[in-house]
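Below you'll find the structure, written out as structure tokens, and then a few comments.
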Amino acid sequence: MPDVVADGLRVLFCGINPGLMTAATGHHFARPGNRFWPALHRSGFTPRLLPPSEQPELLTYGLGITNVVARATARADELSAEEYREGGRELAVKVGRLRPRWLAVLGVTAYRAAFDDRAAKAGPQVRTIGESRVWVLPNPSGLNAHWTPAALAEEFARLREAAEQE
């Protein structure tokens, strides 16, 4: 699954790993029930709701997408602890090279596993990767019922506001 990245992005969003539909289409967050694209729009990151097929347009807004783990699975719980740890190491190298202002990891559990930070909660983190700040966002999967679409958009908006202040 190719990343949508460039040097010096405002925010690099990082999913857990590609789902099967994402892998099949080549578009991040392609499953119809995924709330990433609606949250991105409702939070003010994009002026309109982008379909996954228009993901390259994110670069015009200073945004990008990558994943912690490259291997596609039906469900994130199919990933091993070592895959998360290795993905975290590779992600740190990528972030160090690309130098986004913010890395936004989409999923508290994925962040905890990839960076061995069991106490992490949604929101800004103390950790930085080089000069890049880190924010943990809720997983936008439709299966994450703990976060309503409105609450998810509000958390994305908190990140957008922080990113605009820099």
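The values are calculated or read from the model by the stated rules, or taken from the named source; none is laboratory data. Keep in mind it's a predicted model, so treat the numbers as computed, not measured. Ideal geometry is used to build each Cβ from the backbone, glycine not excepted, and the neighbour counts take in all protein chains shown. Surface accessibility is based on the protein's heavy atoms, side chains included, excluding ligands, DNA and RNA. Shrake-Rupley method; radii C 1.70, N 1.55, O 1.52, S 1.80 Å.
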If you go through region 69-82, how many residues are open to solvent by 90 Å² or more (accessible area, probe 1.4 Å) and within 15 Å of the chain's Cα centre (by Cα)? 0
Selection from region 95-123 of residues among the basic types (Lys, Arg) and within 14 Å of VAL11 (Cβ to Cβ) yields ARG99, ARG101
Look through region 132-143, keep the residues that are open to solvent by 20 Å² or more (accessible area, probe 1.4 Å) and either over 22 Å from GLU83 (Cβ atoms) or among the polar types (S, T, N, Q) (or both), and return whichever of them is nearest to the chain's Cα centre (by Cα). ASN139
Among the candidates ASN34, ASN17, residue that is touching a strand residue (DSSP E or B) at 6+ places or on another chain (Cβ under 6 Å) and assigned to a loop (DSSP other than H, G, I, E, B): ASN17
Taking region 1-29, which residues are polar (S, T, N, Q), surrounded by fewer than 23 Cβ atoms within 10 Å (Cβ to Cβ) and touching a residue at least 40 places away in the same chain (Cβ under 8 Å)? THR22
Does at least one position in region 44-52 carry a residue that is over 13 Å from the mean Cα position of the chain (by Cα), under 18 Å from ASN17 (Cα atoms) and either open to solvent by less than 30 Å² (accessible area, probe 1.4 Å) or not hydroxyl-bearing (Ser, Thr, Tyr) (or both)? yes
Per the filter on region 91-131, residues among the hydroxyl-bearing types (Ser, Thr, Tyr) and over 14 Å from the mean Cα position of the chain (by Cα) are THR128
Restricting to region 86-124, and then to whatever is farther than 21 Å from ASP7 by Cβ and of a type in the set (Val, Ile, Thr), can you tell me which residue is least open to solvent (accessible area, probe 1.4 Å)? VAL108
Would you mind stating whether THR66 is open to solvent by less than 60 Å² (accessible area, probe 1.4 Å), under 16 Å from the mean Cα position of the chain (by Cα) and in contact (Cβ under 8 Å) with a residue 12 or more places away in the chain? yes
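This table checks each residue for (1) in a loop (DSSP other than H, G, I, E, B); (2) within 16 Å of the chain's Cα centre (by Cα); (3) more than 20 Å from PRO100 (Cα to Cα).
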| site | (1), (2), (3) |
| --- | --- |
| PRO2 | yes, yes, no |
| LEU9 | yes, yes, no |
| LEU12 | no, yes, no |
| HIS28 | yes, yes, no |
| PRO38 | no, yes, yes |
